[in-house]
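The block underneath contains the structure these notes are about, expressed in structure tokens.
We did not get these values from a lab; they are worked out from the coordinates using the rules stated. Since the structure is predicted, the reported quantities are computational estimates derived from the model, not experimental observations. Cβ coordinates were reconstructed from backbone atoms using ideal geometry, including for glycine residues, and neighbour counts include every protein chain displayed.
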Protein chains: 2
Amino acid sequence: MTRPIATKTVVDAVTDDLRGRILTGSLTSAEAVTELEIATTYGVARPTAKAAIEKLVGENLLVRGTHKSARVARLGPDSVRDIYLARAYLESEILRRLATSRAVPEDAVRANADILAAASSGDLALVEPDLRFHTGLVEAAGNERIARMYSSLMSEVRLCMTRVQSLHLLNSESIHAEHSLILDAVAAGDAEGAARILDRHLATARERLAEALGE
Amino acid sequence: MTRPIATKTVVDAVTDDLRGRILTGSLTSAEAVTELEIATTYGVARPTAKAAIEKLVGENLLVRGTHKSARVARLGPDSVRDIYLARAYLESEILRRLATSRAVPEDAVRANADILAAASSGDLALVEPDLRFHTGLVEAAGNERIARMYSSLMSEVRLCMTRVQSLHLLNSESIHAEHSLILDAVAAGDAEGAARILDRHLATARERLAEALGE
DNA sequence: TTGAGTATACTTGTCAGACAATTTGAATGT
DNA sequence: ACATTCAAATTGTCTGACAAGTATACTCAA
């Protein structure tokens, strides 16, 4: 039997590494991302660097106009509200449908448990299980395109969070509690309740993040 | 005052024309789309053609593996169900929120009127106002990212429809009637009702399209 | 005749180098 | 101080080329 092996093209490798640097905050909107700079730092040709940049532009992680250098997308309060409202649209409808079938996604349950476990080890470790909780909900819908859309949103959310260092914005206990309420509502088949709780949950996070980014 | 003018790059021009050919069905999944072929037919260099193809791959209108020619995405019954379910997720939640504020989008009203007007002039002219009705609903949400997501779905929907020629699949009177019911529910503030009617509306369209594509 | 292996053509991935077009900021002159 | 011009930096696009992979046709043996 042939072991499934993954061969990445050079463009993909550069794209992935660049995306990592963006999402971890190692690359901020302060500095411009020129094609030549990327090409030299990775030791690839300029067309390759160009392709990688354009891929990330397609993911809305970079922005650039014609004949201008690319920059990491700066996400102001308005963008944050747009993103979180989009999340609310997607997730609340998903919760409604999960609730009608009383299907509680195990991934979300596990992620929520991890939130409590990570409470003691610094606030930054809290971001990851939080994101996992929500993606767990979305993946439970079993819809490929919805999942794709949501993941692109999550990239931007993560981008926001790293820009704010995301310290002290999240309270592990209250987050865990709200998540539990959502899951309980789903288990009880309370579609309306689940959607309502989620809306409040996202609204508070949204406003805190928007405020933190609104210097 | 400077009149806003749009200068399109060569890649964008090729991309737009290619997309048009795909969406009108002039380019089907029967023939392969090679970089060289695109380059020669448009009189551009191969890297330019390559960039255009990769853009369309990013829009899910073309698919291709490494070292293989691109093809127009063939959308089988499973894809159609995935797309329409995604539509249902997005649109039903939008309707709920529109209903709570009793906001009836004018664009949607106009588009629905056009459906009746176009009833006599052939079934194909019916597709366009139908799509406009639904995009009108989505744009009324005023969320940039939701609109972006939805437009990518609509590209694929249009792709499905042209592949089936979309004749006799749609009945103008019943579509108009269902749309009217939806708008009435929104105007009445009946969130649950609007979402329910839309779900049925999309479900029947989905199954008809899936059946037509399930040869 | 059939099957397996090889050889060949086609296509894409990547690179190098170059020039045009545009933006941007600085130098210049009034 | 302001407007103009100039130069540097950056991107858009092209040509040409080679490597690498895929798919098809072909040859030769059983």
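FRET efficiency for the pair B:SER101 and B:ARG74, taken as 1/(1 + (r/R0)^6) with r the Cβ-Cβ distance and R0 = 25 Å, rounds to 0.05. Dividing the summed helix terms, -39500 (n - 2.57) for each DSSP H run of n ≥ 4, by the number of residues in chain A produces a 222 nm estimate of -22500 deg cm²/dmol to the nearest 500.
Just check the stretch B:36-139 against the gyration tensor rule for me: Cα atoms, a ≥ b ≥ c as the square roots of the eigenvalues, rounded for a/c under 1.5, and otherwise prolate or oblate depending on whether a/b exceeds b/c. Taking the square roots of the gyration eigenvalues as a ≥ b ≥ c, the stretch B:36-139 is prolate. Can you bin the stretch B:10-72 into rounded, prolate or oblate? Criterion: square roots of the alpha carbon gyration tensor eigenvalues sorted a ≥ b ≥ c, rounded for a/c under 1.5, prolate for a/b above b/c, oblate for the rest. Because its axes are fairly even, with a/c under 1.5, the stretch B:10-72 counts as rounded. Taking every residue in A:86-97 and counting other chain Cβ atoms within 10 Å of its Cβ, the average works out to 5.
Among the lysines of the protein assembly as shown, pairs at least eight places apart or on separate chains and with Cα atoms under 22 Å apart come to 22. Compared with the alpha-carbon gap, the fully stretched path from B:GLU59 to B:ALA188 is longer by 42.7 nm at 0.36 nm per residue.
Across the copies of the chain, B:HIS67 has label points (7 Å from Cα along Cα→Cβ) spaced 4.1 nm apart, shortest distance listed first. The distance separating the Cα centre of the stretch B:69-109 from that of the stretch A:160-215 comes to 26 Å. Computed from Cα positions, the angle between helix A:77-100 and the longest principal axis of chain A comes to roughly 50 degrees. The same position A:ALA32 in the other copies lies at 4.1 nm from this copy, comparing label points 7 Å beyond Cα toward the beta-carbon, shortest first.
Would chain A count as rounded, prolate or oblate if I go by the C-alpha gyration tensor, calling it rounded below 1.5 in a/c and otherwise prolate when a/b exceeds b/c, oblate otherwise? Prolate, because a/c is 1.5 or more and a/b exceeds b/c.
Comparing B:THR162, B:THR28, B:THR100 in a Gaussian network model of chain B where C-alpha atoms under 10 Å apart are linked, the largest mean-square fluctuation is found at B:THR100.
Look at the stretch A:142-149: the mean tally of other chain Cβ atoms within 10 Å of its residues' Cβ atoms is 6. Computed from phi, the 3J(HN,Hα) profile of the stretch A:144-161 under the Karplus parametrisation 6.51, -1.76, 1.60 (θ = phi - 60°) reads 4, 6, 4, 4, 4, 4, 5, 5, 5, 5, 5, 4, 5, 4, 4, 4, 4, 4 Hz, with x in place of Gly and Pro. Relative contact order of chain A: 26 percent, from C-alpha pairs under 8 Å at least 6 residues apart in sequence.
In the assembly of identical copies, B:ARG46 has its label point, taken 7 Å from Cα in the direction of the beta carbon, separated from the corresponding points by 2.0 nm (ascending, one decimal).
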